[in-house]
Structure formats: structure tokens, C-alpha cells
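K.L.:
Quick one: structure below, then a few questions.
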Amino acid sequence: MQRKLLLLLSLGWIFNYAHRMAIPPLIPLIKEELAITNAQAGLLMTSLLLPYALIQVPAGYFGDKLGRKKLVVISIVGYSLASSLIIFARQYWHLIAIRALYGIFAGLYYAPATALISEIYREKKGSALGVFMVGPPIGSAIAPAIVIPIALALEWRYSFLVLSLMSLTVGLALMLIIKGEVRRVEKPKFAIPKNVFGLSIMNFIVLAAFFGILTFLPDFFVNKGRSVEEASFYFSLLSIVGIFGSIAGGGVYDRIRETSLFSVLALNAFLSFLLVKTAYPLLVLLLGLFFYSVGPIVTAYTSEHASEENLGTVMGFVNMMGFFGATTGPYFIGLLIDTAGYETAFYSISAMYLLSFLILMLSGRDIR
């Protein structure tokens with residue numbers, strides 16, 4: 001039962017990311033058709049990430065109160081149907097509205113799913129969350145492989161319809177194979193301890209950097225003279241390597257705990273700086289390894305600072321703060337590209353990781 005549940009939750013998380021990360025490889029095509037700026041393209045990520053962030057704490061609490069598996073199924077079915085509506089989008093504001101609706105349903109997923117995994121696996125939560133958190137790299141990797149061929153053969157809107165049909169099958173499988181609720185919380189509490197605020201600020205900055213670079217990485221390589229297909233390949237390569245980074249990151253957390261978080265933040269600051277300095281495409285191999293190891297480490301670390309009664313709420317709060325950062329990151333990086341160029345914008349990503357390292361170090365005593 002545990003393995004089936006972890007597999008289906010991981011698949012749901014994979015498609016949660018595939019839908020949201022279908023936009024970056026399509027940005028050159030969308031910009032050309034709709035005649036929008038880089039800042040407006042960044043808002044296509046911001047429009048889903050803002051409602052996604054706002055729904056995190058309620059999702060954690062109601063997952064504890066009403067049933068975590070039930071809320072996860074609602075999330076998958078909801079985000080699949082919402083994303084499919086892009087087939088009808090003809091103007092820029094249509095895309096903004098549909099992505100916002102998708103963000104609401106997608107936001108119901110993370111807190112109940114990670115709380116459920118953390119509670120079931122306990123001492124091995126890092127390793128289990130490492131498997132679950134392959135969702136971002138695999139979802140980001142398969143997104144270009146699905147959407148680019150469809151966009152070139154038909155048009156880019158049909159890509160989302162195909163993704164929706166694929167993710168809908170996962171929701172139905174979770175509903176039919178895993179019977180009833182796996183575990184219920186007897187007395188859920190809507191409580192957020194003070195010792196997670198430093199961690200939350202750090203997560204804000206980390207996800208601003210993470211989504212900033214993911215949104216514009218294909219466009220960065222196109223600006224450096226690569227084709228759309230080649231840039232999408234590098235984007236996928238980053239995510240494919242990230243699969244191993246996610247699994248390894250969770251395992252490393254189980255062994256060295258907090259030290260693992262400091263290490264990956266420092267490495268991300270250095271490697272993102274090196275990418276801008278050299279524009280060397282194969283750096284995405286190292287970047288993917290360490291970019292995606294942050295997710296399971298932060299998730300497992302967060303779960304250590306909550307009780308059974310408020311686990312979902314705490315997971316939701318820290319993720320909410322992170323996705324407030326993710327909401328601002330793409331727009332901020334897009335604006336910097338428009339005003340100062342790609343190099344300045346991408347150097348700021350390296351500075352964000354360095355700042356997150358310093359904040360975690362200064363707040364470490366409060367978090368312990």
C-alpha cells in the first residue's frame with residue numbers, strides 16, 4: 001500500500017509540474033503570436049503561482065481536517081480540467097485567467113501529499129520525499145518533450161489538452177486503487193510555530209531564484225544563439241539530471257540533516273554564477289543535480305518543526321512563503337532582462353541563493 005501510494009502521489013506531482021512548466025519552452029512561440037514582452041511572459045508563471053501560494057495554508061489545514069487523500073484527488077482532477085481550457089484561449093488575458101484557475105487546484109496538492117508521506121515514512125521521510133520530489137525535474141523534463149512536438153505539428157494550445165488527459169488518469173487511479181483515507185488526524189490544529197519563519201523567508205528567496213531561472217532558461221539559450229529545439233533540449237537535460245538530484249538530496253538529508261541544506265544553497269549560488277559567466281550548455285548537468293536537491297531537503301527539514309496536529313498547516317505555510325517568492329521571481333527576472341539584459345538578470349539569481357544561505361545561517365538558532 002505504501003509503495004502504491006507513493007508512486008501515485010509522485011505521478012500526480014510530476015503532472016502538477018508538467019502543466020506549469022509547459023509554458024517556458026513555449027514562451028518564444030507565445031511571445032511571437034501574442035506580441036508580449038518578457039515581463040508579460042513572466043506573468044504567465046506569476047498568474048498561477050500567486051493563487052497557488054495563497055491556497056497553501058488552507059490546503060494543509062483542510063487536508064488534515066477533511067482527509068489528505070481526498071484533497072489530493074480533488075487537486076489532480078481540478079488542475080487537469082482547468083489546464084485543458086487553454087485550448088479556448090485566444091488573448092493574453094485568457095491565458096492569465098486560466099493559469100490562475102489552474103494555480104488554485106494545483107495548490108491543493110503539495111501540503112496534504114507531503115504531510116501524508118512525512119507521517120507514513122517518519123525516520124525515512126527524506127528518502128521517501130526524495131522520490132516524491134522527482135515531480136519537479138521529471139515534470140519539467142517531459143513538458144518540452146510533449147509540448148514542443150505538438151506545438152510544431154499543430155499549435156501550442158493543443159499541448160495542454162494532451163497533458164490534461166494524461167494527468168486525469170492519475171487522479172482516477174488514485175481514487176480507485178487507494179481505497180478510503182490512509183490516515184486521519186484526530187485533532188488538527190491551525191497553528192504555525194515561530195521557529196519556522198526564518199526558514200520561510202529563506203524558502204521565499206530560493207523559489208524566486210528557482211522559478212526565475214526555470215522560466216527563462218530556454219529563452220536565455222535562444223538569446224545566446226541556440227535554436228528553440230536546442231534550448232528546449234538543455235531545459236529537459238537540466239530536469240532529467242534533477243531526478244537524480246532529488247532522490248540523492250532526500251537520502252543525504254536522512255544522513256547529515258541541516259548540513260545538506262547549507263551545502264546545496266552554496267553550490268547553487270556558485271553554479272548559477274558560472275552559467276552566466278560562461279554560457280556553457282553542459283553546465284546544466286551540474287545545475288540540475290543541485291537545483292532539484294533543494295526541494296526534498298527543505299520539505300523534510302520543514303516537517304521536523306511541526307507536530308502531527310499541525311503538520312499540514314506548517315508544510316503549507318512554508319511552501320506558501322516559498323511560492324510568494326516563486327510568484328515574484330519570474331516577473332522580476334523578466335523585468336531585469338527587459339531593462340538590464342540577460343547577464344544582469346541571471347547574476348541576480350546567483351545572488352539570491354547566496355542571500356538565502358546567509359538568512360538560514362543567521363536564523364539557524366531559532367529553527368533548531
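K.L.:
In percent, what relative contact order does segment 214-337 have, based on Cα pairs under 8 Å that are 6 or more apart in sequence?
P.N.:
Contact order relative to length: 29 percent.
K.L.:
Next question. Return the ratio Rg/(2.2 N^0.38 Å) for segment 142-259, where Rg is computed over Cα atoms only.
P.N.:
1.47
K.L.:
Here is a follow-up. Count charges around VAL57 for me, please; just the other residues with Cβ under 14 Å from its Cβ, Lys/Arg as +1, Asp/Glu as -1.
P.N.:
+1
K.L.:
For segment 216-368, which semi-axes, largest first and in whole Å, follow from the square roots of 5 times the eigenvalues of its Cα gyration tensor?
P.N.:
Ellipsoid half-lengths, sorted descending, are 29, 17, 14 Å.
K.L.:
Just to confirm my numbers, what's the Cα centroid distance between segment 84-98 and segment 1-23 in Å?
P.N.:
24
K.L.:
Continuing with the same structure: Output needed: percent of Cα pairs per 10 Å distance bin for segment 124-168, bins running from 0 to the one holding the longest distance.
P.N.:
Histogramming segment 124-168 at 10 Å steps yields 25, 40, 22, 11, 2 percent.
K.L.:
Two-decimal Rg/Rh of segment 68-113 from alpha-carbon positions, Kirkwood Rh?
P.N.:
Taking Rh as the inverse mean 1/r over Cα pairs, Rg/Rh reads 1.07.
K.L.:
Go from 0 up to the bin containing the longest alpha carbon distance in segment 1-85, width 10 Å each, and give me the % of pairs per bin.
P.N.:
Result, from short to long distances: 14, 40, 29, 13, 3 percent.
K.L.:
For segment 15-134, build the convex hull from the C-alpha positions and give me its volume per residue in Å³.
P.N.:
Hull volume normalised by residue count: 100 Å³.
K.L.:
On to the next question. From Cα coordinates alone, what are the radius of gyration and Dmax values for segment 189-230 in angstrom?
P.N.:
Spelled out, the Cα radius of gyration and Dmax of segment 189-230 are 17.4, 53 Å.
K.L.:
Hey, any idea what Rg/Rh is for segment 222-290, computing Rh the Kirkwood way over Cα pairs?
P.N.:
1.06
K.L.:
Can you tell me which lysines have their Cα less than 22 Å from the Cα of LYS70? Leave out same-chain residues fewer than eight positions away.
P.N.:
LYS70 reaches LYS4, LYS125, LYS179, LYS187, LYS189.
K.L.:
Considering every Cα-Cα pair within segment 103-181, what fraction, in whole percent, is farther apart than 19 Å?
P.N.:
53
K.L.:
If I compute mean projected area of the Cα convex hull in nm² from the structure I just sent, which labelled value in (1) 15.8; (2) 18.1; (3) 19.6 lines up?
P.N.:
So the calculated entry is the one marked (1).
A short reminder: the numbers here are calculations on the coordinates, not readings from a lab. Because the structure is a prediction, the values reported are computed rather than measured. Because the Cβ atoms are built from the backbone with ideal geometry, glycine has one as well, and the counts that use them run over all protein chains shown.
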